[in-house]
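Before any comments, here is the structure.
Bear in mind these aren't lab numbers, they're just calculated from the coordinates by the rules spelled out. The model shown is predicted, which means the values in this text are computed figures rather than measured ones. Neighbour counts run over all protein chains shown; Cβ positions are idealised from the backbone, glycine included.
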Amino acid sequence: MRKGYSRTAEGVALARALQQRLSASDRILDDPYAAAFLQKPILQLAANGRLSAWMLSGILDVWHPGSQESAAIRARLADDLAREMSADGLKQLALLGAGFDSMALRIKSALGGVTVFEVDHPDTQAAKRKVMSRLGTPDNVRFVAVDFERDDFVRGLEWAGFDSTGLSLVVWMGVTYYLTAEAIARSMTQIASISAGGSRLTFDYILKEVVDGRSRNTAALRAARQVASLGEPWISGFEPEEVSGYLSAFGFKVLEDYSPEALRQRYHTRSFRTLDYVRIVICERT
């Protein structure tokens, strides 16, 4: 049972914070708020210092190569999608497993007419809300505390004012890895139930061969052991060829299933490493 906030959520926030050490032209993501969500004072200190951030980034590149770029890319892709849909009448944005993501602050101007629902575990959300209150929580943000393995997050969303008849975007990044297959299927059913036609879902997934240990990618298997040592093991994955059929059973059509190479090309990060065993899907409710 989890005790306290998610350590992986803090790790992702750290990766976004370290983007700020790069020049504006070299950043994948501009997130000046990320460092504020770091719970450990030593991480805040390191992330906010030019030399210390450079050293910490180098250590992370050795410990988990590609993780910093991948964390930035998935946040940037979600930002871009939200901006695009906001221009086309988006009414609601649901961040499932919001962690310490700062999208509501990063692209606040683009979300002026959109209600943002942040859904996550009560412990992680409690830590986040303290930071948000200091930074200034936007008026359009609604917090929904749930345990995805046990709770009905749809009920929580509806209680918070989510309207299933309105155009919506569901962002589900960095979550499926940690759920059982049963919990993922249940969540997909729930997401479909609140998604009007034309609404979109974006999520990322780890290759199944990494989760079950069949992969020959030693870096991926080492990363799996590392996250397990933090008490948050990867337990579910997919293979790319099964994703379209899987999602169609829930009423979603795949628009994109980005490979790591496609993501590098989109964000011009050929000189950097990304996690070559993680893909990002964008799908639409039919």
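When the convex hull of the Cα atoms of the range 1-154 is projected onto a plane and the area is averaged over all directions, what value comes out in nm²?
Values: hull surface 38.4 nm².
Value for the range 1-154: 9.6 nm².
Please report the antiparallel percentage of DSSP beta bridges with both residues in the range 206-286, rounded to the nearest 5.
Antiparallel: roughly 90 percent of the beta bridges in the range 206-286.
State, as an integer percentage, the relative contact order of the range 1-59 based on alpha-carbon contacts under 8 Å between residues 6 or more apart.
Answer for the range 1-59 is 31 percent.
Can you compute the radius of gyration and Dmax for the chain, using only the Cα atoms, both in Å?
17.8, 50
With θ taken as phi - 60° and the coefficients 6.51, -1.76 and 1.60, list the Karplus ³J(HN,Hα) couplings across the range 211-226 in order, rounded to whole Hz; mark glycine and proline as x.
Residue by residue, the range 211-226 yields 5, 8, x, 7, 5, 9, 7, 5, 5, 5, 5, 5, 4, 4, 5, 5 Hz.
Quick one: Karplus J couplings for the range 21-32, per residue in order, coefficients 6.51, -1.76, 1.60, θ = phi - 60°, nearest Hz, x for Gly and Pro?
6, 7, 5, 4, 6, 9, 6, 7, 9, 9, 9, x
If contacts are Cα pairs under 8 angstrom and at least 6 residues apart, what is the relative contact order of the chain in percent?
Averaging sequence separation for qualifying contacts and normalising by length gives 18 percent for the chain.
Quick one: grab the alpha carbon gyration tensor of the range 7-63, order the square roots of its eigenvalues as a ≥ b ≥ c, and give me rounded if a/c is under 1.5, else prolate or oblate depending on whether a/b is larger than b/c.
rounded
Nothing charged except the Cβ atoms of Lys and Arg (+1) and of Asp and Glu (-1): what's the magnitude of the dipole of the range 67-285 about its Cα centre? Round to the nearest 20 debye.
With Lys and Arg at +1 and Asp and Glu at -1, about 620 debye.
Which residue fluctuates the most in the chain, going by a Gaussian network model with Cα springs under 10 Å, if the choices are A15, A219, A34?
A219
Using amide H atoms built 1.01 Å from N in the peptide plane, name the residues 5+ places from F162, or on other chains, whose amide H lies under 5 Å from its own.
none
Which value at 222 nm does the chain reach when only helices count, each DSSP H run of 4 or more adding -39,500 (n - 2.57), with the total divided by all residues and rounded to the nearest 500 deg cm²/dmol?
For the chain, the value works out to -13000 deg cm²/dmol.
Return the aspartates and glutamates within reach of K128: Cα separation strictly under 18 angstrom, same-chain partners fewer than 8 residues apart disregarded; answer none if there are no such residues.
Result set, ordered by chain and number: E10, D31, D101, E118, D120, D139, D147.
Work out the charge dipole of the chain with +1 on the Cβ of Lys and Arg and -1 on the Cβ of Asp and Glu about the Cα centre, then indicate which of S229, N140, G245 is farthest towards its positive end.
S229
Normalised radius of gyration for the range 200-281, please: alpha carbon Rg relative to 2.2 N^0.38 Å, two decimal places. Don't skip to the answer; put the middle values down first.
Values: Rg = 13.8 Å, N = 82, 2.2 N^0.38 = 11.7 Å.
Normalised Rg, Cα atoms only: 1.17.
Which of these, K91, K130, K40, has the largest mean-square fluctuation under a Gaussian network model of the chain (Cα springs below 10 Å)?
With Cα springs under 10 Å in the chain, the top fluctuation among K91, K130, K40 is at K40.
Counting other Cβ atoms within 10 Å, which GluC sites (Glu not before Pro) in the range 91-158 have at most 16 and lie in a DSSP loop?
E149
Just the number, please: percent antiparallel of the DSSP beta bridges in the range 67-285, rounded to the nearest 5.
On the way: 13 of 32 bridges.
Bridges in the range 67-285 are about 40 percent antiparallel.
Any idea what % of Cα-Cα pairs in the range 123-275 are farther than 24 Å?
Percent of Cα pairs beyond 24 Å in the range 123-275: 45.
Which whole-Hz couplings ³J(HN,Hα) result when phi for each residue of the range 91-104 is put into the Karplus expression 6.51 cos²θ - 1.76 cosθ + 1.60, θ = phi - 60°, listed in order with x for Gly and Pro?
Coupling constants for the range 91-104: 10, 9, 10, 10, 9, 8, x, 4, x, 9, 5, 10, 3, 4 Hz.
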